[in-house]
Ligand SMILES: [Zn+2]
């Protein structure tokens, strides 16, 4: 039997798919987002086995395979662990560039929290302290924190 695959011309098709969708973020995600919206609070959850505090709050610990039921209110401040500055526009970007995606370790958390920094991009460095700036109009989404700013 011959291997017909080696003689096939690899063709491609260009396409564009836009699929509006809505999904339930779950009980834990709903409480996390409602706290942002209603109380300007950032909630994490603490694993009963390893003690790690996750933010956004999680329903279970992937390392310990246990449910998490302890909620932790985190301070809206932390340290930049990593960042990248975005200079190009794309429909998938949440805001107009330039801005930075930053991994922020909030005080009291054990994992990074991915969010945006919009100001002082030329001053960003890992290790700098930042604080959350909440949006004036909050609707129960992650951008209820408008961005983080240098302290
Ligand atoms: Zn754990």
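Annotations for the structure displayed:
- Verdict on residue 116 being more than 15 Å from the chain's Cα centre (by Cα), modelled with pLDDT of 95 or more and surrounded by 13 or more Cβ atoms within 10 Å (Cβ to Cβ): no
Yes/no matrix, rows are residues, columns are (1) within 16 Å of the ligand (Cβ to nearest atom); (2) part of a loop (DSSP other than H, G, I, E, B):
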position: 15; (1), (2): no, yes
position: 27; (1), (2): no, no
position: 33; (1), (2): no, no
position: 36; (1), (2): no, no
position: 44; (1), (2): yes, no
position: 48; (1), (2): yes, yes
position: 73; (1), (2): no, no
position: 79; (1), (2): no, no
position: 93; (1), (2): no, yes
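- Residues (touching a strand residue (DSSP E or B) at 6+ places or on another chain (Cβ under 8 Å) and more than 19 Å from residue 76 (Cβ to Cβ)) located in the stretch 96-124: 97, 98, 121, 123
- Flag if residue 149 is in contact (Cβ under 8 Å) with a residue 24 or more places away in the chain and either over 17 Å from residue 32 (Cα atoms) or not in a loop (DSSP other than H, G, I, E, B) (or both): yes
- Taking the criterion of being more than 13 Å from the chain's Cα centre (by Cα) and either part of a loop (DSSP other than H, G, I, E, B) or more than 16 Å from the ligand (Cβ to nearest atom) (or both), the residues of the stretch 50-64 that qualify are 50, 51, 52, 59, 62, 63, 64.
- Some residue of the stretch 45-59 being loosely packed, with under 14 Cβ neighbours inside 10 Å, touching a helix residue (DSSP H, G or I) at 6+ places or on another chain (Cβ under 9 Å) and more than 25 Å from residue 151 (Cβ to Cβ): yes
The values are calculated or read from the model by the stated rules, or taken from the named source; none is laboratory data. Please read these numbers as outputs of a predicted model, since none were measured by experiment. Virtual Cβ from ideal backbone geometry, glycine too; neighbours counted across all protein chains shown.
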